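Engineer: Before I ask anything, here is the structure I am working with.
The values are calculated or read from the model by the stated rules, or taken from the named source; none is laboratory data. In this text, all values refer to a predicted model and were calculated from it rather than measured experimentally. Quick reminder, even Gly has a Cβ in these numbers, built from the backbone with ideal geometry, and neighbours come from all protein chains shown. Please note that ligands, DNA and RNA were not included when accessible areas were found on the heavy atoms of the full protein model with its side chains. Shrake-Rupley method; radii C 1.70, N 1.55, O 1.52, S 1.80 Å.
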Amino acid sequence: MGTANASSQANATKESLGARIARGAIGGLIAGAVFIAINMWFLASTGQPAVAPFRLISTLVLGAGAIQSGAASVPLGIAVHAVLSIVFGVVFAFASPLFKSNGTIALAGGIYGALVYVVNFLIIAFTVFPQFQNPNGPLEFAAHVVFGHLLAVFFYSSGVRSHEPFLAT
């Protein structure tokens with residue numbers, strides 16, 4: 001019985017790279033949608049246009065002056081945000097086998113979201129993208145942590161964690 005259990009756990013740890021990448025891409029896209037919804041809700045609740053985050057995100061491609069010139073684009077912002085969300089999800093997918101339980105993947109997701117915030121807003125924004133230098137820090141930090149936690153859910157009970165039930169009961 002012990003050998004069968006060890007054998008099933010060894011087989012359970014094998015998840016194809018393609019499956020992990022798909023989990024990361026889908027998870028990143030969905031977590032990114034929740035992330036942007038949080039930002040849109042906050043802006044709308046303060047009387048600002050809900051689509052403002054997409055205009056700002058489009059400046060990653062169009063340049064810092066795009067908002068002032070009126071060239072900022074909501075559709076481009078949506079596309080850029082979707083691509084970045086997918087990329088961040090796929091990056092997390094490569095690290096996911098390191099976390100052996102649903103609890104550790106959940107913790108890692110929150111830490112990953114916080115690290116994405118630090119890299120995006122505290123490093124890159126201050127060195128490359130001046131239009132991102134005045135974020136609502138607490139809101140952005142919280143939204144990034146939520147992104148990471150939601151992304152982690154897509155890796156529950158997969159790969160090395162496949163022996164664990166999706167939710168603890």
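Engineer: For segment 138-167: of the residues being among the charged types (D, E, K, R) and assigned to a helix (DSSP H, G or I), which is most open to solvent (accessible area, probe 1.4 Å)?
Structural biologist: So the residue we want is GLU140.
Engineer: Sort through PHE99, PHE92, PHE54 and tell me the only one that's of a type in the set (Phe, Trp, Tyr), farther than 26 Å from GLU164 by Cβ and buried (at least 17 other Cβ atoms within 10 Å of the Cβ).
Structural biologist: Exactly one of PHE99, PHE92, PHE54 is of a type in the set (Phe, Trp, Tyr), farther than 26 Å from GLU164 by Cβ and buried (at least 17 other Cβ atoms within 10 Å of the Cβ), namely PHE54.
Engineer: Hey, any hits in segment 118-137 for a residue that's among the β-branched types (Val, Ile, Thr), assigned to a loop (DSSP other than H, G, I, E, B) and out of contact with any strand residue (DSSP E or B) (no Cβ under 6 Å at 6 or more places or on another chain)?
Structural biologist: Yes.
Engineer: State yes or no: is LEU17 modelled with pLDDT of 95 or more, open to solvent by 70 Å² or more (accessible area, probe 1.4 Å), closer than 27 Å to ALA106 by Cα and hydrophobic (A, V, I, L, M, F, W, C)?
Structural biologist: It is false that LEU17 is modelled with pLDDT of 95 or more, open to solvent by 70 Å² or more (accessible area, probe 1.4 Å), closer than 27 Å to ALA106 by Cα and hydrophobic (A, V, I, L, M, F, W, C).
Engineer: Just give me the residues in segment 65-81 being surrounded by 14 or more Cβ atoms within 10 Å (Cβ to Cβ) and more than 23 Å from the chain's Cα centre (by Cα), in sequence order.
Structural biologist: Result: ALA66, ILE67, ALA71, ALA72.
Engineer: Still on this structure: Which condition number does PRO138 fail, the rest of (1) closer than 22 Å to ILE30 by Cα; (2) in contact with an Asp or Glu (Cβ under 9 Å, 6 or more places away or on another chain) being met?
Structural biologist: Among (1) closer than 22 Å to ILE30 by Cα; (2) in contact with an Asp or Glu (Cβ under 9 Å, 6 or more places away or on another chain), PRO138 violates only (2).
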